[in-house]
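Since the structure comes first, as structure tokens, the remarks are kept for the end.
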Amino acid sequence: MRILITGAKGRLGRRLMAALSADHEVIGVDLPELDLGDPAAVGRLADLQPDLLLHCAAWTDVDGCARDPDRALLVNAFGAQTAALACQRVNAAMLYLSTNEVFDGRRTTPYLEYDTPNPINPYGYSKWVGEQMVRELLPRHYVVRLSWLIAHGGANFVQAVLKRAADGVPLRVVTNEVAAPTYAEDFVPALIALIQTGHYGTYHLVNTGQASRWELARFVLDHAGYADVPIEPITLAQYPRPSRPPECAVLRNFAAARLGIALRPWSEAVIAFLEAEGLR
């Protein structure tokens with residue numbers, strides 16, 4: 001199969017390029033060579049004649065999206081439209097990566113795949129619009145949502161917590177933002193297993209369970225040799241920022257589990273991440 005990956009220089013894009021290259025012809029594109037905000041990019045993508053396009057390209061700076069919501073829409077929503085139109089031209093399937101932030105986080109139980117989105121910040125809105133564009137343009141599509149990605153070789157919440165602890169910087173972490181941490185090394189094989197099924201639709205691929213930001217930070221420090229480092233618990237109201245995150249946007253993997261695709265508990269995944277980083 002000829003697979004085209006947008007955002008090929010990103011954390012997930014690089015990992016998918018490596019994982020898929022052994023069994024497929026894989027082509028990667030990214031900025032600055034190809035700008036998906038340019039309508040002419042439709043033809044350039046179509047010329048690559050993919051059988052499947054994995055759309056990993058996105059602007060994931062949620063605070064940046066809040067400061068510039070128009071740019072968020074252009075990159076995250078209309079970039080997805082560009083990719084979908086290219087797939088439409090060559091009859092290719094498409095996988096669109098989305099986020100738990102399409103939900104408002106106002107419920108106490110996990111969200112299933114077909115619960116009604118209601119984004120409360122510009123990043124979530126831009127990704128939700130991208131979902132709709134893909135669904136409108138392509139019958140053969142996957143929409144895959146994830147949350148709180150933990151990956152090697154890039155900045156993420158876990159690495160930020162560890163750096164502050166190592167530097168002796170006081171830690172203040174919110175207790176009322178809750179989601180499912182997702183380890184890239186678990187997510188990538190689950191994603192590949194999904195595309196091999198040919199079961200198009202909407203999926204949640206996250207590690208099992210849920211944690212608050214504070215619980216995740218405490219777990220990381222306790223298992224990385226910083227059990228004596230205190231973390232001040234605070235609320236979202238005490239941590240002002242440009243973007244308002246959903247408080248409890250926990251995703252539940254129901255649809256993929258039906259196909260036999262499940263990810264291990266987040267706590268086991270975090271320990272595996274720490275061991276791989278040499279931090280245990």
* Any residue in the stretch 90-105 that is free of Cβ contacts under 8 Å to residues at least 40 places away in the same chain, among the acidic types (D, E) and in a loop (DSSP other than H, G, I, E, B)? -> no
* helices (runs of 4 or more DSSP H) fully within the stretch 33-72 counting 2 or more residues that are out of contact with any strand residue (DSSP E or B) (no Cβ under 9 Å at 6 or more places or on another chain), over 21 Å from A86 (Cα atoms) and at pLDDT 95 or above -> 62-67, 69-72
* **Some residue of the stretch 154-162 being surrounded by 15 or more Cβ atoms within 10 Å (Cβ to Cβ), of a type outside the set (G, A, S), in contact with an Asp or Glu (Cβ under 6 Å, 6 or more places away or on another chain) and farther than 20 Å from G7 by Cβ** => no
* **Counted residues, the stretch 73-109 - those being modelled with pLDDT under 95 and under 20 Å from Q49 (Cβ atoms)** => 0
* out of contact with any strand residue (DSSP E or B) (no Cβ under 9 Å at 6 or more places or on another chain), assigned to a loop (DSSP other than H, G, I, E, B), surrounded by fewer than 20 Cβ atoms within 10 Å (Cβ to Cβ) and without any contact (Cβ under 8 Å) to a residue 24 or more places away in the chain - does that describe any residue in the stretch 219-234? -> yes
* Structure fact -> Considering residues that are closer than 23 Å to Y200 by Cβ and over 14 Å from the mean Cα position of the chain (by Cα), the number found within the stretch 143-189 is 1
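Considering only residues of the stretch 251-270 that are hydrophobic (A, V, I, L, M, F, W, C) and part of a helix (DSSP H, G or I), which is farthest from Y203 (Cα to Cα)?
Restricting attention to the stretch 251-270, the residues satisfying the condition of being hydrophobic (A, V, I, L, M, F, W, C) are 251, 254-257, 259, 261-263, 266, 269-270.
Now narrow it down to the ones that are part of a helix (DSSP H, G or I): 255-257, 266, 269-270.
Details: A255: 6, A256: 6, A257: 9, W266: 18, A269: 20, V270: 22 Å.
Going through the qualifying residues, I end up with V270.
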* To do: For the stretch 73-80, indicate whether the set of residues that are more than 17 Å from the chain's Cα centre (by Cα), surrounded by fewer than 20 Cβ atoms within 10 Å (Cβ to Cβ) and in a loop (DSSP other than H, G, I, E, B) is non-empty.
  => no
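The values are calculated or read from the model by the stated rules, or taken from the named source; none is laboratory data. Just so it is clear, the structure is predicted and the values come from calculations on it, not from any experiment. Don't worry about glycine lacking a Cβ; one is built from the backbone with ideal geometry, like all the others, and counts go over all protein chains shown.
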